[in-house]
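Have a look at the structure below, then the notes.
Readers should treat all values here as calculations from the given coordinates under stated rules, not as data from a laboratory. Only a predicted model underlies this, so the values are computations on that prediction, with no experimental measurement involved. Positions of Cβ are backbone-derived with ideal geometry, glycine not excepted, and every protein chain shown enters the neighbour counts.
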Amino acid sequence: MTVYQATASAPVNIACIKYWGKRDTKLILPTNSSLSVTLDQDHLRSTTTSRADPSFQQDRLWLNGTEDEIKEGGRLATCIREMKALRKQLEDKDSSLPKISDYHVHISSRNNFPTAAGLASSASGFAALVASLAALYQLPTSRSDLSRIARQGSGSACRSLFGGFVAWQKGERADGSDSLAVEVAPREHWPDIHALICVVNDEKKGTSSTSGMQRTVETSPLLQHRIKHVVPERMAAISKAILARDFDTFARITMQDSNQFHAVALDTEPPIFYMNDVSRAIIALIVEYNRVAVEKGGKLKAAYTYDAGPNAVIYAPKENIKEIVELIVKYFPQAENFKDPFGLFGAAGVQGKVVE
Ligand code: DP6
């Protein structure tokens, strides 16, 4: 008997130009384009196995071993339905293919990073889900085409289908057919850039991205300015900086965009605060670190960025990582030892308060 089963994995990505706002909440079409770096460290991944079998009574899904409901019309159901439809198209074209699109699927997904790391797992989770179904159904579909389906699971997931530097083009069409991820540059193009993840707080965030960004769309005038007058230029400038391996420009834009995303959250009614005192102290540390470097006639040495929570991600050229780790450990003595600071992308623990 043939077993129809496939496993795929996808890593977390961290945006430099933030996605924040939907123009279509059902299709998950964003109000602006975004750009991220897919982390390539082995321990920040979701791995998903999908199996299709005629004996299955319904589609089912387990997350880290616990069954999760697949709500009708929900994001999971949409992704599974879209992937089955692609398989069905193949079967209709080639009658020799087994008709497994009729079978129900069982899907098991695991994150190899602790949920306690405070990292959003929806991006890697939906990317791995779509990738595993694509492997199960042996689809010849390109990554960009698959990204359109992952996007409907969680917007940021579309970017995790690629490694390296990835843009999510917002697209113009109402059906979302041109809202997809494209590679800006592969990881090998700029291996010198590393990321440190500083876990400031591992509790679940107060306002989810989904509801927070919707409130921003409804109430923030600053978001409209950002969409029209800021992001398009930043997307072009940061892509150029990546292609030129220009860390100074990359860092400047990354920090500006993180700042504006948090400003837009603050401009929301009622306001949303994602960063805390420790997050702000890490910003001050990086600003000072860069100021000293520039004063000495050098360039920016590190860039911070924050998503919808207090944890910092610091991008820096490899040669600066050791110094940054030492600075963080000095100012945040409660910091756990960095797990792997000199791997391609190190994950760090930073807990507790700042010592003056
Ligand atoms: C701040 O992709 O989690 O991390 O599409 O509603 O699932 P949904 O939102 P999600 O939002 C991510 C927001 C962000 C910025 C980013 O990753 O670009």
**Message:** Output the 0 to 90 degree angle, nearest 10, between the alpha-carbon long axis of helix 247-266 and the longest principal axis computed from the alpha carbons of the chain.
**Reply:** 80 degrees
**Item:** Relative contact order for region 204-288, counting Cα pairs under 8 Å that sit 6 or more residues apart, in percent
**Value:** 38 percent
**Cα-projected label distance for D145 with K71, points at 7 Å along beta-carbon direction, nm** = 3.1 nm
**Message:** Below 8 Å between Cα atoms, with a sequence gap of 6+, how large is the relative contact order for region 62-193 in percent?
**Reply:** 21 percent
**Item:** Inter-label distance, nm, simple model (7 Å from Cα along the C-beta direction), A263/D102
**Value:** 5.9 nm
**Prompt:** Which far-off residues, 5 or more places away or on another chain, put their amide H under 5 Å from the one on G164, with H placed in the peptide plane?
**Reply:** T38, R187
**Message:** Please compute the contact order of the chain in relative form: average sequence separation of alpha-carbon pairs under 8 Å and at least six residues apart, divided by the residue count, as a percent.
**Reply:** 19 percent
**Prompt:** What list of ³J(HN,Hα) values in whole Hz, one per residue of region 40-51 in order, does the Karplus curve 6.51 cos²θ - 1.76 cosθ + 1.60 (θ = phi - 60°) give from phi, with Gly and Pro shown as x?
**Reply:** 10, 6, 4, 8, 10, 9, 10, 10, 10, 10, 10, 9
**Prompt:** What's the longest bit of the chain with no exposed trypsin sites (Lys or Arg not before Pro), using DSSP loop states and at most 11 other Cβ atoms within 10 Å as the test?
**Reply:** 72-172
**Prompt:** For region 1-151, what's the radius of gyration and Dmax over Cα atoms, in angstrom?
**Reply:** 15.8, 48
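With r as the distance between the Cβ atoms of Q5 and R60 and R0 = 22 Å, compute the FRET efficiency 1/(1 + (r/R0)^6) and round to 0.05. It would help to have the intermediate numbers written out before the result.
On the way: r = 14 Å, r/R0 = 0.64.
Once the sixth-power term is evaluated, E becomes 0.95.
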**Asked** Given the C-alpha centroids of region 192-271 and region 144-183, what is the distance between them in whole angstrom?
**Response** 17 Å
**Complete:** If each K or R counts +1 and each D or E counts -1, the residues other than G73 whose Cβ falls under 10 Å of its Cβ total +3
**Fill in**
For L61, the net charge from surrounding residues (Cβ-Cβ under 13 Å; K, R +1; D, E -1) works out to +1
**Complete:** With Cα coordinates, the longest principal axis of the chain makes an angle with the long axis of helix 122-136, in degrees rounded to 10, of 30 degrees
**Request:** Work out, step by step, the length gained on full extension between A237 and N276: first 0.36 nm times the residue separation, then minus their alpha carbon distance; give nm to one decimal.
**Result:** 11.1 nm
**Request:** Sum up the charges of everything whose Cβ sits under 14 Å from the Cβ of T25, counting Lys and Arg as +1 and Asp and Glu as -1, but leave T25 out.
**Result:** +4
**Prompt:** How about K296: which aspartates and glutamates have a C-alpha closer than 14 Å to its C-alpha, ignoring those fewer than 8 places off in the same chain?
**Reply:** E288
**Message:** Run the helix sum for the chain: -39,500 (n - 2.57) per DSSP H stretch of 4+ residues, divided by residue count, reported at 222 nm to the nearest 500 deg cm²/dmol.
**Reply:** -11500 deg cm²/dmol
**Complete:** Per the C-alpha gyration tensor (a ≥ b ≥ c, the square roots of its eigenvalues), region 170-259 is rounded if a/c is under 1.5, else prolate if a/b beats b/c, else oblate; here it's oblate
**Asked** Relative to the first principal axis of the alpha-carbon coordinates of the chain, what is the inclination of helix 75-93, with its axis defined by its Cα atoms, in degrees from 0 to 90 and to the nearest 10?
**Response** 50 degrees
